[in-house]
1. Give the residues of the range B:79-102 that are surrounded by fewer than 24 Cβ atoms within 10 Å (Cβ to Cβ) and of a type in the set (Ser, Thr, Tyr), sorted by residue number.
2. Give just the number: which of (1) more than 29 Å from B:Ile5 (Cα to Cα); (2) in contact with a helix residue (DSSP H, G or I) (Cβ under 7 Å, 6 or more places away or on another chain) does A:Phe44 not satisfy?
3. Return the only residue of A:Ala24, A:Ala8, A:Ala29, A:Ala13 being surrounded by 20 or more Cβ atoms within 10 Å (Cβ to Cβ) and not charged (D, E, K, R).
4. For the range A:1-25, how many residues are facing chain B (nearest Cβ under 9 Å), within 19 Å of A:Glu53 (Cα to Cα) and among the acidic types (Asp, Glu)?
5. When the range B:69-121 is examined, which residues are found to be over 16 Å from the mean Cα position of the chain (by Cα) and either among the aliphatic types (A, V, I, L, M) or within 14 Å of chain A (Cβ to nearest Cβ) (or both)?
6. Look through the range A:57-72, keep the residues that are surrounded by fewer than 21 Cβ atoms within 10 Å (Cβ to Cβ) and at the interface with chain B (Cβ under 7 Å from one of its Cβ atoms), and return whichever of them is farthest from B:Glu60 (Cα to Cα).
7. Return only the number of the condition from (1) in contact (Cβ under 8 Å) with a residue 12 or more places away in the chain; (2) in contact with a helix residue (DSSP H, G or I) (Cβ under 9 Å, 6 or more places away or on another chain) that B:Ile12 does not satisfy.
8. Go through the range B:1-120 and tell me which helices (runs of 4 or more DSSP H), entirely inside it, have 1 or more residues that are more than 26 Å from A:Phe55 (Cβ to Cβ).
Amino acid sequence: MNKVLFFAHLRDAVGEDFIKMDAAGKTVAQLKELLKEQYDLPRFDTVMTAINEEFCSDDDVIQEGDEIAFIPPVSGG
Amino acid sequence: MNFEISKEPINIQGVIDKVVDRDAGAINTFIGTVRETTKGKKTLYLIYEAYESMAVKKLEQIGREIQERWKGAKVAITHRVGRLEISDVAVVIAVSTPHRAASYEASRYAIERIKEMVPIWKKEHWEDGAEWIGDQLEQVPYPSGKPEVKDLDE
């Protein structure tokens, strides 16, 4: 099982801070496609992705238990 | 704990105290505050949120990057989250270095890096609506899907 986190406008779009799903074996790109089919995710192509709190690429493969977070363009500071 | 996300108002002196060093010749303190007017639009208040555990890790990374670039530097950063009013302190960066020039440079480096890759977001609330800010960064391309250190050096 995997925990998938949403922040800022993505959380507003999904309506949840996170969802639980089985994403093991999928690439980040594949997970993004799957989520795009399930939710209306504005500007989803501009977000970065983190696996276990480290930025990753779309080609990275998700492992069992990984925590995935979608990181919209940041605006701290 | 030199790198923190805080739900409470930031104790500025407390951040400065973390970088006091007998070999330091300078402590540079940057205080980021909530501005009322952005692009002609009046902000009523802001909500900051963070992916807290990752944000702390990324702040720690910035600290390591600074120590690699400016020898002898000590760094402390606290970023606030939650509802902030106009003029409230959103972020405090303290850097001590043996000589003053490096403390200015490292402080600037830290805030630019925060704005680039630390997972913190602000939602601006106006009289006629609200929006998560971040879209303005769409002109910043991340070809590899993530921000790179070298982007800052250009």
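1. Hit for the range B:79-102 is B:Ser87, nothing else.
2. (1)
3. A:Ala8
4. Count: 0.
5. Those that are over 16 Å from the mean Cα position of the chain (by Cα) and either among the aliphatic types (A, V, I, L, M) or within 14 Å of chain A (Cβ to nearest Cβ) (or both): B:Ala73, B:Ile86, B:Ala101, B:Ala102.
6. A:Asp58
7. (2)
8. Result: B:12-17, B:100-117.
The values are calculated or read from the model by the stated rules, or taken from the named source; none is laboratory data. Remember, predicted model here, so these are calculated numbers, not experimental data. Note that each Cβ is placed from the backbone with ideal geometry, even for glycine, and that neighbours are counted across all protein chains shown.
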